[in-house]
Amino acid sequence: MTEFEKNCYGLTEADIREEYVQSTTARLCGIEMVVMGILSDAQHMVEVGMKDRARKYMNIAKFILSEQMEARREKEEA
């Protein structure tokens, strides 16, 4: 894990892809539902005072959305 990954996500980017993007929820319900779940978890973390963990969850959600946008852009250009 790079220092950036540790500080930004608390996971490696590969772990994010494996745990979230390739999850059963993503396959059955869509990546949007995965992102909504992550953001709900982040909201809860804020409520219980775990602000740094909430920040990391929000960064994970942004990473996933960013990768999805890039994949869509590449597909449109092909």
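Bear in mind that the values in this text are calculations on the coordinates, not laboratory data. Model, not experiment: these values are computed from the prediction. Cβ sites come from the backbone with ideal geometry, for glycine too, and all protein chains shown count toward neighbours.
Once both axes come from the Cα atoms, what is the angle between helix 51-77 and the longest principal axis of the chain, in degrees from 0 to 90, rounded to 10? It is inclined by approximately 10 degrees.
When the Cα positions of ALA42, CYS29, PHE4 are compared along the charge dipole of region 3-77, ALA42 comes out farthest toward the positive end, with charges on each C-beta of Lys, Arg, Asp and Glu.
Normalised by residue count, the chain yields a Cα convex hull volume of 91 Å³ per residue. Note on the chain: with charges restricted to the Cβ of Lys and Arg (+1) and Asp and Glu (-1), its dipole about the Cα centre is near 220 debye. As a rough footprinting exposure proxy, the listed residues LEU65, LEU11 were ranked by other beta carbons within 10 Å of their own, and the order from fewest upward is LEU65, LEU11. Net charge of the neighbourhood of ARG27, taken over other residues with C-beta under 14 Å away and scored Lys/Arg +1, Asp/Glu -1, is -2.
Our helix-only sum for the chain, with -39,500 (n - 2.57) per DSSP H run of n ≥ 4 divided by its residues, gives a mean residue ellipticity at 222 nm of -24000 deg cm²/dmol.
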